[in-house]
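One structure is given below, encoded as structure tokens.
The values are calculated or read from the model by the stated rules, or taken from the named source; none is laboratory data. These numbers come from a predicted model, not from an experiment. All Cβ positions, glycine included, derive from the backbone under ideal geometry; neighbour counts span all protein chains shown.
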Amino acid sequence: MNDKTNSLGSADWEWEIKPGTSWWNISLAELYSFKDLLLQLTRKEFLGLYQQTLLGPFWALIRPLLTVITYVVVFNEVIGIPTEGVPPFLFNLIGITLWNLFSEIFMQTSNTFLQNVEIFSKVYFPRIIVALSTLWLQLILFGIQLLLLVAVYLFCYFTGLVDFNAGQGLLIFPVIVITAGIGFGGGLIFSVLTAKYRDLLSLMQLVIRLLMFICPVFYTMSLVPQKFQWLAQLNPLSTLFEYFRFAFLGIGSVNSIQLLYSFGFMVVIVLLGILIFNKMSDKLIDIL
Amino acid sequence: MSDIAIQAENISKLYRLGTIGSGSLRRDMQSWWERNALKKENPNQYIRGGKKVDNSEVIWALKNVDFEIKVGEALGIIGHNGAGKSTLLKILSRIVKPTEGIVRGRGSISSLLEVGTGFHSELTGRENIFISGHILGMKKSEISRKFDEIVDFAGVEAFIDTPVKRYSSGMYVRLAFAVAAHLEPDILIIDEVLAVGDAEFQKKCLGKMNEASSKSGRTIIFVSHNLQAISNLCSKALWLDKGNVCARGNAKTVVNQYLSTLQKQNWIKEFKTMTEAPGNDFIRVLYTELTPHFVDALSVVDIRTPLTVKFRFYNANDGILLAVGVHLFTISGECIFDVSHDPLLYKKGIIEGECHIPGDFLNDGSYYISLIFVEDSSKQLYYYEECLSFEVADFRENINWYGKWMGYVRPKFPVITRQTEIHE
């Protein structure tokens, strides 16, 4: 809240509540003062996820494992999509790990308002804290999946199935940041939209399912016909999958212009997401 | 000036009635397209049946509300349901924005609009104390420091590592309130928390609030339907009605003003003609009235107030032995008393009567009176049910307890105690 003198011009108020919302009302100092809350919310969601389950956090591993097995059977054994000499299991695991990072962050963030109406209508704190705690939780879950990926990768490395290149390997970090950013920014925008229009929620689930086929998750960009290449490259996520695979396996077509494009896209969508989220969060409480 | 904690100027809040927007993207886009591209009227103004939705179908939940609270003051907010009390609290808590006006203040605010905000039913009591504490604005170190105190206040030591979904509802509420009760903001906003828990726990809560305002010098804003609690705990009160400020000032005065308008609803019934008057071929009741004899200048019927029931009726039969009985019932239908007199011989014509109910006799609550007309002390001529209804407000002095006083009646029989032995 702004410090302003009151109409009488004498007292200095510490805060004031006025109609209207600015696009940018986040102060980093205020956000930092809520860091305990952020961690606590993440902890709550993490613990809540696995209460009264048999396998607990192992579910974070079981889901991708089962998905990978299905993909290997369907896409590689039945349909016969080539994997450029890489073991199909590793090839698909790489794609799915990154895809899960994007889709989970996007889906969970876009639920921010709908899932927290109860709290939002009773207590004030910067609403974006909840979205940030979702992001943080998904990064932790991604971390668990990444450990699985590294384990499988190391197994393949020691059995001589793949090569390792440290320089390439470091590329995973910018790729993770950009992917998470695009998911987060998009999620913020959709969290506002789904709160206002509930019918978008089912549409969004469909779109995210279809989007996976457009992204090179279980195939490489080189398999895309020449005349559709430009279309595939327009998708800012495509390059990220190519780069992620390149970081581990050294295969695929990568170029830094594309990566810059993805990065720029991420910056724009994150800013846009934060602005819309801020602008709308007060209004949404009235209609939720 | 600097001793003012909150200053609200012209706070107004507008809500639209019915669904806001259409809730469907297709219809909103259609509306937008028709309005902006085709410059036509919004087709969705016409909802089912072709009826036009008037733009004036809006409601001012609050209209030009002004007030100030000094540091350390406790402000009670009263009013009917839908008067805008909760909206005001939500604005002060920064949950919703006002449509107009400005609130300024100094000091940290914690609001307690429900108990158990942010509780996760799958997690243990211990986890939930931390989660709820953080959501309500406590720091981690603060919660850790007060942890034992909170558990002790809630009385759930044995269950602290059990998921709260297995708690009894009482335990759940106690734990939730205990967390909130240990908040230490400069300004505390509380909505109807006293509606929860048993009498014993309510007592504890009110004690805690009293301590917060009187000893710790905390500013408190408090909404409650428990008017006794308001007039005893708060120094100032604000009475809202349909979004407007009806009265504000000294808590006891405002509460009494509020009560007296509540009460003057059904104190007199008079009928001009015989045919209008309720009754039958024997009796026509022309007039009934309840007259309170107020103790002080404040016109509120409380437990101290003596009441007189007056009635006038037409007797159609000449020369009968007639008696009138007054029945007093609680709102839930239990009869408190049935008083009458020895039958008297009356001629055809108008008869008047009255019954005096002493003060310090009825407990607080809602009551109604019925009149019975009996011939020869055996034959019922007419029974006039629920002819008058009234409410008796509570009144307490120097008592540190605000729960419901037990019993249908509350007479002032003396209770005498004496010490007969002293054991050192």
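Comparison of A:87, A:64, A:57 shows that the only residue that is touching a Cys at 6+ places or on another chain (Cβ under 8 Å) and either away from chain B (no Cβ under 14 Å) or of a type in the set (Phe, Trp, Tyr) (or both) is A:87. If you go through segment B:125-142 and keep only what is part of a helix (DSSP H, G or I), within 10 Å of chain A (Cβ to nearest Cβ) and of a type outside the set (D, E, K, R), you end up with B:128, B:130, B:131, B:132, B:133, B:134, B:135, B:141.
Does segment B:358-369 contain at least one residue that is at pLDDT 90 or above, in contact with a Gly (Cβ under 9 Å, 6 or more places away or on another chain) and closer than 18 Å to residue B:313 by Cβ? No - not one qualifying residue is present in segment B:358-369.
Residues in segment B:118-143 that are more than 27 Å from the chain's Cα centre (by Cα) and among the small types (Gly, Ala, Ser) were compared, and the one that is surrounded by the fewest Cβ atoms within 10 Å (Cβ to Cβ) is B:141.
Surrounded by 24 or more Cβ atoms within 10 Å (Cβ to Cβ) and in contact with a Cys (Cβ under 9 Å, 6 or more places away or on another chain): is that true of residue B:88 in this structure? Here the answer is no, as residue B:88 does not meet what is asked. Can we say residue B:115 is hydrophobic (A, V, I, L, M, F, W, C), more than 11 Å from every other protein chain (Cβ to nearest Cβ), under 23 Å from residue A:118 (Cβ atoms) and crowded, with 20+ Cβ neighbours inside 10 Å? So residue B:115 fails the test. If you filter segment B:281-330 down to residues that are in a loop (DSSP other than H, G, I, E, B) and touching a residue at least 60 places away in the same chain (Cβ under 8 Å), you find that the one that is farthest from the chain's Cα centre (by Cα) is B:282. Tallying residues that are within 17 Å of the chain's Cα centre (by Cα) and free of Cβ contacts under 8 Å to residues at least 40 places away in the same chain within segment A:178-205 yields 0.
The criterion of at least 1 residues that are of a type outside the set (Val, Ile, Thr) and at pLDDT 80 or above is met by the following helices (runs of 4 or more DSSP H) wholly inside segment B:168-238: B:169-181, B:227-233. Residues that are acidic (Asp, Glu) and at pLDDT 90 or above do not occur anywhere in segment A:160-182. Report yes if residue A:195 is at negative phi, in a helix (DSSP H, G or I), surrounded by 14 or more Cβ atoms within 10 Å (Cβ to Cβ) and within 14 Å of chain B (Cβ to nearest Cβ), otherwise no. Yes.
Check whether at least one residue in segment B:385-397 is in contact (Cβ under 8 Å) with a residue 12 or more places away in the chain, assigned to a strand (DSSP E or B) and of a type in the set (Phe, Trp, Tyr), and report yes or no. Scanning segment B:385-397 turns up at least one residue that is in contact (Cβ under 8 Å) with a residue 12 or more places away in the chain, assigned to a strand (DSSP E or B) and of a type in the set (Phe, Trp, Tyr). Among the residues that make up segment B:30-49, is at least one of them part of a strand (DSSP E or B) and either of a type in the set (D, E, K, R) or at pLDDT 65 or above (or both)? No, segment B:30-49 has no match at all. Annotation note: of B:171, B:138, the sole residue that is within 19 Å of residue A:37 (Cβ to Cβ) and out of contact with any strand residue (DSSP E or B) (no Cβ under 8 Å at 6 or more places or on another chain) is B:138. Checked against the criterion of being touching a helix residue (DSSP H, G or I) at 6+ places or on another chain (Cβ under 9 Å) and away from chain B (no Cβ under 14 Å), the candidates A:154, A:147 yield just one match: A:147. Only a single criterion out of (1) of a type in the set (A, V, I, L, M, F, W, C); (2) within 26 Å of residue B:137 (Cα to Cα); (3) in contact with a helix residue (DSSP H, G or I) (Cβ under 9 Å, 6 or more places away or on another chain) is not satisfied by residue A:29, namely (3).
Scanning segment B:74-112 for residues that are free of Cβ contacts under 8 Å to residues at least 24 places away in the same chain and among the charged types (D, E, K, R), which turns out farthest from the other protein chains (Cβ to nearest Cβ)? Here the answer is B:90.
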